[in-house]
Amino acid sequence: MIQIYTMTIIAPSLLAADFLHLGNTCEMLNKSEAEWYHLDVMDGSFVPNISFGLPIIEQIRKATTKVCDVHLMIVHPEKYIEAFKKAGADILTVHYEACPNLLDTLAQIKAHGMKAGVAINPDTDIQVLKEFISEIDLVCVMSVFPGFGGQKFIEGTYEKVTTLKSIIQNAGAKTLIEIDGGVSETNAAALVTAGADVLVAGTTVFKAADPIKTISALRNC
């Protein structure tokens, strides 16, 4: 069961981690204040890059009791819902742009006992989620274009988050807002002020001299 947090949830993105020492990375994250692991799955079709898949997630699941937040940047995500549940996903996020039958996909995710997330690209109007918002547990607002880590944060994200927060509140929903891309100690506080609940941080955490200290700083922004 996913806990309700009163502080900002930090979800380090393992896409930026050192895969040669993934076990050490998990050990470090387990000791840190990070509540979630953010796991990006890319297929080279929906996005122009390929990352990791089910076998890696299965191993990460064995290494932690923390929430595994799996972000699918793939076509036809509905075909793999059961497989990612078995691999250990607690939250399964699909892209709005990849799901012609979004409500059906969300229902399938929930039927398999996971929280259902929807990611939305920077050039997609946030208003498209308005009619679905009560069915969504998590909205992942992409603050960079999906496919590669280390990109520059898109400044228009703040306004998008504020609008989304209003949509959620007006619907009386409990949907969490997650920000993915270019999150740093510089913009974290402003994102939380705008309405963000979850901050995904890859390069900021894993390229830091002291990742545990950086996670703590982001969480207490």
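Observations on the model:
- Verdict on T204 being assigned to a helix (DSSP H, G or I), over 21 Å from E35 (Cα atoms), of a type outside the set (A, V, I, L, M) and modelled with pLDDT of 95 or more: no
- Residue in the range 162-170 that is buried (at least 20 other Cβ atoms within 10 Å of the Cβ), under 18 Å from the mean Cα position of the chain (by Cα) and not hydrophobic (A, V, I, L, M, F, W, C) present: no
- Of the residues making up the range 133-152, those that are over 15 Å from M42 (Cα atoms) and either surrounded by fewer than 17 Cβ atoms within 10 Å (Cβ to Cβ) or basic (K, R) (or both) number 5.
- The sole residue among A189, A173 that is assigned to a loop (DSSP other than H, G, I, E, B), at negative phi, surrounded by fewer than 17 Cβ atoms within 10 Å (Cβ to Cβ) and touching a residue at least 12 places away in the same chain (Cβ under 8 Å) is A173.
- Cross-chain or 6+ apart pairs with Cβ under 8 Å, the range 71-92 first and in contact (Cβ under 8 Å) with a residue 12 or more places away in the chain and closer than 15 Å to K110 by Cα, then of a type in the set (F, W, Y) and not in a strand (DSSP E or B): L92/F84
- A Cβ distance below 6 Å, combined with a sequence gap of six or more or placement on separate chains, defines the contacts here; from the range 5-24, residues that are surrounded by fewer than 20 Cβ atoms within 10 Å (Cβ to Cβ) reach residues that are of a type in the set (G, A, S) in the pairs A16/G149; A16/G202.
- Test: residue in the range 168-184 that is touching a Leu at 6+ places or on another chain (Cβ under 8 Å) and farther than 25 Å from T214 by Cβ: yes
The values are calculated or read from the model by the stated rules, or taken from the named source; none is laboratory data. Keep in mind that what you see is a predicted model, and the values were worked out from it rather than measured. Counting neighbours? That spans all protein chains shown, and the Cβs are built from the backbone with ideal geometry, glycine included.
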